[in-house]
1. Do we find that Pro13 is surrounded by 13 or more Cβ atoms within 10 Å (Cβ to Cβ), in a helix (DSSP H, G or I) and either in contact with a helix residue (DSSP H, G or I) (Cβ under 9 Å, 6 or more places away or on another chain) or touching a residue at least 60 places away in the same chain (Cβ under 8 Å) (or both) in this structure?
2. Collect the residues in region 13-52 that are among the polar types (S, T, N, Q) and over 16 Å from Arg68 (Cβ atoms), keeping them in residue-number order.
3. Going through region 32-62 one residue at a time, which ones are assigned to a helix (DSSP H, G or I), buried (at least 17 other Cβ atoms within 10 Å of the Cβ) and touching a helix residue (DSSP H, G or I) at 6+ places or on another chain (Cβ under 6 Å)?
4. Mind listing whichever residues of region 16-31 are in a helix (DSSP H, G or I) and closer than 14 Å to Ala53 by Cβ?
5. Go through (1) surrounded by 15 or more Cβ atoms within 10 Å (Cβ to Cβ); (2) not in a helix (DSSP H, G or I) one by one and return the number of the condition Phe65 breaks.
6. Within the bounds of region 33-42, is there any residue that is modelled with pLDDT of 85 or more and of a type outside the set (S, T, N, Q)?
7. Take the conditions surrounded by 12 or more Cβ atoms within 10 Å (Cβ to Cβ) and not acidic (Asp, Glu) and apply them to Gly21. Does it pass?
Amino acid sequence: MAAAYLSHIVRNPPFADGSNGVGAAAADVFPALNGPHLQSGRQAYERLVRAVAEGRQGKAAAAEFLRRHT
């Protein structure tokens, strides 16, 4: 679900500016509210968010990243 939030928010930006940050925050907060916490470095997470926003990575890649880092 966190990967879906990340993917949908950054690929279909609801805001004129800041959608990447909102998508990243949603993907970080959702697991934290439901148990596991994200345990990745900031730079690795930022690369993932940018890759999803630019269409170089999809929801499946985001889900795998989040699975490996929670």
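The values are calculated or read from the model by the stated rules, or taken from the named source; none is laboratory data. All values reported here derive from a predicted model rather than from experimental measurement. Ideal geometry is used to build each Cβ from the backbone, glycine not excepted, and the neighbour counts take in all protein chains shown.
1. Numbers: surrounded by 13 or more Cβ atoms within 10 Å (Cβ to Cβ): yes; in a helix (DSSP H, G or I): no; either in contact with a helix residue (DSSP H, G or I) (Cβ under 9 Å, 6 or more places away or on another chain) or touching a residue at least 60 places away in the same chain (Cβ under 8 Å) (or both): yes.
Answer is no for this residue.
2. Pass one, region 13-52, residues among the polar types (S, T, N, Q): 19-20, 34, 39-40, 43.
If the condition is that a residue be among the polar types (S, T, N, Q) and over 16 Å from Arg68 (Cβ atoms), then Ser19, Asn20, Asn34 are the ones that fit.
3. Here is the first cut: in region 32-62, the ones assigned to a helix (DSSP H, G or I) are 32-33, 42-53, 59-62.
Okay, now just the ones that are also buried (at least 17 other Cβ atoms within 10 Å of the Cβ), so 45, 48-49, 52-53, 62.
Across region 32-62, the qualifying residues are Leu48, Val49, Val52, Ala53, Ala62.
4. To start, the set of residues in region 16-31 that are in a helix (DSSP H, G or I) comprises 19-31.
Ser19, Asn20, Gly21, Val22, Gly23, Ala24, Ala25, Ala26, Ala27 - these are the residues of region 16-31 that are in a helix (DSSP H, G or I) and closer than 14 Å to Ala53 by Cβ.
5. If we test Phe65 against (1) surrounded by 15 or more Cβ atoms within 10 Å (Cβ to Cβ); (2) not in a helix (DSSP H, G or I), just (2) comes out false.
6. Yes, region 33-42 has at least one match.
7. Working: surrounded by 12 or more Cβ atoms within 10 Å (Cβ to Cβ): yes; not acidic (Asp, Glu): yes.
Yes, satisfied.
One line per residue, one yes/no per condition, for (1) β-branched (Val, Ile, Thr); (2) in contact with a Pro (Cβ under 9 Å, 6 or more places away or on another chain):
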{"position": "Met1", "(1), (2)": "no, yes"}
{"position": "Val10", "(1), (2)": "yes, no"}
{"position": "Pro14", "(1), (2)": "no, no"}
{"position": "Gly18", "(1), (2)": "no, no"}
{"position": "Gly21", "(1), (2)": "no, no"}
{"position": "Ala24", "(1), (2)": "no, no"}
{"position": "Asp28", "(1), (2)": "no, no"}
{"position": "Leu38", "(1), (2)": "no, yes"}
{"position": "Gly41", "(1), (2)": "no, no"}
